[in-house]
Amino acid sequence: MVCGVVCLKYWLKLSFDIRKVLIMDTAERTVAYFSMEIGLDEGMPTYSGGLGILAGDTIRSAADMKLPMLAVTLLYRKGYFRQRLDAEGRQREEDQRWVVEDFVEEADAAVSVTIEGRTVHLRAWRYDVTGAGGFVVPVYLLDSDVEGNSDFDRTLTHHLYGGDRYYRFCQEVILGMGGVRMLRALGYGDIEKYHMNEGHASLLTMELLDEQVAVSSGDEVTQEVIDAVREQCVFTTHTPVAAGHDKFQMDMVRRVLGDHEAFEMQNVFCCDGELNMTYLALNLSHYVNGVAKKHGEVSRHMFTSYAIDSITNGVHAATWVAKAFQDLFDKHIPGWREDNFSLRYALSIPSQELWEAHSACKKELIDYVNEHTGSGLDEDVLTLGFARRATGYKRADLLFGDLERLRDIAEDVGSIQIIYAGKAHPADQEGKELIERIYSAKRMLAPEIKIAYLENYDFGLGKLLTSGVDVWMNTPLPPMEASGTSGMKAAMNGVVSLSILDGWWIEGCIEGVTGWSIGEPPTDPVQPDNRKEDAESLYSKLQYLVVPVFYNDRNRFINMMLHAIALNGSFFNTQRMMQQYVVKAYFE
Ligand SMILES: *Cc1c(COP(=O)(O)O)cnc(C)c1O
C-alpha cells in the first residue's frame, strides 16, 4: 500500500520530468551554436585548439546558466592528430581513434545533403553537457560514415582539418546545411538564433535562405528573405588577418552545390570568383563580434563597411581551476562556480594557503614532466610555461634570440626552467621547424637552463600546464592573437602572465599587478614585426622584474597571484562572456 503511493508519486514525478525534458529539447530551444570543433571531453579528440576549447567552454557556461541552447559540430572518428616527437623534435602524426559509443548516443534522426549530385546521408550522435545545476545542453555531432554513402563520403567526418580544399568544403556543407536539416529532423522548430562560431559554419545561411524563400512562398531570394535570415544569425569572427579567412573557388562551389541564385548577389556572396565564408556570414548576420576589444578594432579595419562589436573571450572556471584551487575557493569563496564574479574576493585568501595550493599544482606538473621527458626539472626553480599551436606568428622561439643573455640572467639573477608544448598543423612546415628550433635551443642551453617539450598538447595537459607553472608566457606577433585564452586559465589558478600586449592581455594586464607586459602597447591596427625590440623587452622584464620578484620578494609575487585571480579570473570567464552574448546578440 505504502509502496503504491510512493510508486505513484515517483511515476508522476518521473513522467513530469521526462515531459519537461522533452519540451525543453524541442520547442524551448531557441539558440543553436554551430562550430567546426568543440572540446567536449578529454577523451574525445573533436577539437584542435583554442577555437574548440572556447566552444566547449561556451556550452559549459550555457548549461550552468540554463540557456535554452543546443550545439552542432562534426564527429571526427579519427580526431585531429596525435603528436609524436622524436629526439630532434621532428613531429610525426597519428590518428586519434576513439570509441564513439563510449561517449555519445546515436540520435533518432537521419537527413542528407547533396554534394556534386551525390546524396550524402547523415546521422547524428548526441553528447549532453550538464551544467552546475543539472541543466543539459545537447550537442549533436554529425556523422557521414553510414551505410549507403560512397567510401569517400564516409570519410568526410573522419578528420578535423584534414584533407584538401574540396574535403574541407564538403565538411562545411555537412556542418552548415546538414546541421540545420538535422535540427529540423530532430524536431527543433523554434530556433530563433543561429550562432556561427567562425566562418566554417556560414553555409547554414544558405539553408536558412532556402527555408525562408519557401516560407514566403516565392521562388526568389528577395531583400525581405535576406532580412529575415539576418535577424536569425549571429557571427563571431576569430581571425585577425585577411589570409586566415576561409575561402573556396567559385567553380568548385558550383560543382558541389549546383547553381544558386544567391551566388550572383553581391550583398550575399560578395566576392568575384570565390566564396569567402567570412563575408557570407558578415552579410547575413544582424550581430557580428570579434573576440577581444583590440580584435574588434582590427576586424572593423579589415571589413570597413560592417558594424562589428566585440565580446572578449573567457574560460569556464569550474573546468580550468585545478583541484587544489577548487578546494581553496570552496573554503574562502563558496559559490564561485555559480557566480564567477565572486572570484574578486580572492584578495582575502591568506598568502600561505595560496602558496600551498600553487605548490601542489606545481609539484603535479613537474612530476609529470620529469616522468615523461626525464628533464630533471626542480620544484624550487622559477618555471615559465609556453603552450600553444606551433606556428610562425606565435614566435615560440622569441626567448632564444640571444642565448648568452638568457644564460647570464639565469646565472646572475636566478635559475629558470621552461616547459613547452604545442602541435604544428600537419601542413605547417614552418611550425614544425619551430619545434625543432626549440629542441636545438634546449640542447644548447643545457645544463644551466632546463627545457622540456611535452608531446601532444591537449585538454588535460592544458590544465596541468596553466595551473602548474609560475609564469605563463606568450610572445605572438601583434595583432595576430585575436584573443588567446590559455593566459585566462592561468589567471584562474593564480598564475601571472608575461606577455606581448595583444588580444585579451591588452585588457587583462595591469603592469606589476596581474603580470607583466612585453613590448609597447600596439598603436596601429597593422604592426611591423618588432622582433628585436620585443626580445629585448622580454629579457629586461625577466632580468629586472620577473626573476628578482620571484626569488627575492615572494610576498609581492603572491600578491600578484591573488590579483590575477581577483581581477582577471573574475572577469575573463565564459559566464561573463555568455551574459554579454545574451544581452547583445541572442535575446536583444
Ligand atoms: C586553452 C587551450 C588553447 C588555446 O589557448 P591560446 O592561449 O589561445 O593558445 C589551445 N589548446 C589547448 C589544448 C588549450 O587547452
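The values are calculated or read from the model by the stated rules, or taken from the named source; none is laboratory data. Nothing here was measured: the structure is a model prediction, and the numbers come from that model. Neighbour counts run over all protein chains shown; Cβ positions are idealised from the backbone, glycine included. Quick note on the areas: whole protein, heavy atoms, side chains included, nothing else; ligands and nucleic acids left out. Shrake-Rupley method; radii C 1.70, N 1.55, O 1.52, S 1.80 Å.
Please get the size of the charge dipole for the chain, origin at its Cα centre, with Cβ charges of +1 on Lys and Arg and -1 on Asp and Glu, quoted in debye to the nearest 20.
I would put it at about 1040 debye.
Whose amide H sits under 5 Å from the amide H of THR514, counting only residues 5 or more places off or on another chain, with H placed in the peptide plane?
none
Between THR523 and ASP164, 0.36 nm times their residue separation minus their Cα-Cα distance comes to what?
Contour length minus Cα-Cα distance gives 125.5 nm.
Say each of ASP128 and VAL241 gets a label point 7 Å from the Cα, pointing the same way as Cα to Cβ; how far apart are those two points in nm?
Calculated label separation equals 4.4 nm.
With every protein chain left in place and a probe of 1.4 Å, what is the accessible surface of SER305, to the nearest 10 Å²?
Taking all protein chains as shown, SER305 has close to 100 Å².
Does anything in the range 169-188 have its amide N under 15 Å from the 7 Å Cα→Cβ label point of ARG118, and if so which residues?
Backbone N within reach: 169-174.
Can you tell me the Rg and the Dmax, both Å, for the Cα atoms in the chain?
Cα radius of gyration and Dmax of the chain are 24.7, 85 Å respectively.
May I ask you to derive the FRET efficiency for ASP412 and GLN249 from their Cβ-Cβ distance with R0 = 51 Å, giving the value to the nearest 0.05?
0.35
Which loop trypsin sites (Lys or Arg not before Pro) in the range 34-79, with loop taken from DSSP, have no more than 16 other Cβ atoms within 10 angstrom of their Cβ?
Loop-located and lightly packed - LYS66.
Hydropathy at least 0.0 by Kyte-Doolittle, axial extent at least 18 angstrom from the Cα trace: which helices of the chain, defined as entire DSSP H runs, fit?
2-25, 50-64
Out of all DSSP beta bridges with both ends in the chain, state the antiparallel percent to the nearest 5.
35 percent
Whose amide H sits under 5 Å from the amide H of TYR33, counting only residues 5 or more places off or on another chain, with H placed in the peptide plane?
Under 5 Å from the amide H of TYR33: LEU70, ALA71, VAL72, HIS195.
Mind giving me the nanometre distance, one decimal, between the label points for GLU364 and PHE152, set 7 Å out from Cα along Cα→Cβ?
4.7 nm
I need the P(r) histogram for the range 240-307: all alpha carbon pairs, bin width 5 Å from 0 out to the longest distance, whole percents.
3, 15, 25, 25, 14, 10, 5, 2
Give the Cα extents of the range 189-279 along the principal axes, in whole Å, largest first.
The Cα atoms of the range 189-279 stretch 39, 27, 20 Å along their principal axes.
Compare ASP41, ASP108 by solvent-accessible area with a 1.4 Å probe and give them largest first, with all protein chains kept in place.
From most accessible down to least: ASP108, ASP41.
Starting from the exponent 0.38 and prefactor 2.2 Å, build the expected Rg for the range 69-206 from its residue count and divide its actual Cα Rg by it.
Taking the Cα Rg and dividing by 2.2 N^0.38 Å, one obtains 1.13.
Note the direction-averaged projected area, equal to a quarter of the hull surface, for the Cα convex hull of the range 276-401, in nm².
That works out to 12.4 nm², a quarter of the Cα hull's surface.
Which value in deg cm²/dmol, rounded to the nearest 500, describes the helix-derived mean residue ellipticity at 222 nm for the chain, given -39,500 (n - 2.57) per DSSP H run of n ≥ 4 and division by the residue count?
-11500 deg cm²/dmol
What does the highest-first list of 428-434, 346-352 look like by mean Cβ count within 10 Å?
428-434, 346-352
Taking 7 Å along the Cα-to-C-beta vector as the label spot, tell me the GLU220-ASP190 distance in nanometres, rounded to one decimal.
Here the answer is 3.4 nm between the modelled labels.
Report the full-extension gain for the segment GLU264 to ASN555: residue separation times 0.36 nm, less the Cα-Cα distance, to one decimal in nm.
Between GLU264 and ASN555, full extension yields 98.3 nm more.
In Å, what Kirkwood hydrodynamic radius results for the range 339-466 from the alpha-carbon pair distances?
In the range 339-466 this quantity evaluates to 16.2 Å.
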